[in-house]
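FYI, it's all coordinate maths here, none of it is from the lab. This is a predicted model, so every value here is computed, not measured. Positions of Cβ are backbone-derived with ideal geometry, glycine not excepted, and every protein chain shown enters the neighbour counts.
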Amino acid sequence: MTASKDQTVILDVRTPEEYQDIHVKGSQNIDWNQADFKDRVLLLDKKACYKVYCRSGNRSGRAMELMKSLGFQNVENLGSVSEAAQKLNLDCESGS
């Protein structure tokens, strides 16, 4: 996925099952626990702005640190699903 530098990408790093259950509207899912997480992140536009969340903020914090080490400059850990939705002023939805 590519994004312009002023575009914000909302990234959910939970499992596909967790994502299917509930996620922030408009987010995309890349599972932190999968072996190809780093490879999938490297396909993203490093100039875009990323807002990352998970269930509690732990996986998203680790994902943010990895992304920064890979050259992503604008990455923010929003914590949990509900915290992310509140900070972004977006609704949550279920399904893909």
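Criterion first (hydroxyl-bearing (S, T, Y), surrounded by 15 or more Cβ atoms within 10 Å (Cβ to Cβ) and under 19 Å from S94 (Cβ atoms)) does S60 satisfy it?
no
Looking at L44 and the list (1) surrounded by 15 or more Cβ atoms within 10 Å (Cβ to Cβ); (2) closer than 23 Å to D91 by Cα; (3) touching a residue at least 24 places away in the same chain (Cβ under 8 Å), which single condition is not satisfied?
In the conditions (1) surrounded by 15 or more Cβ atoms within 10 Å (Cβ to Cβ); (2) closer than 23 Å to D91 by Cα; (3) touching a residue at least 24 places away in the same chain (Cβ under 8 Å), L44 misses (2) alone.
For region 62-88, which positions are on the phi < 0 side of the Ramachandran plot and small (G, A, S)?
A63, S69, S80, S82, A84, A85
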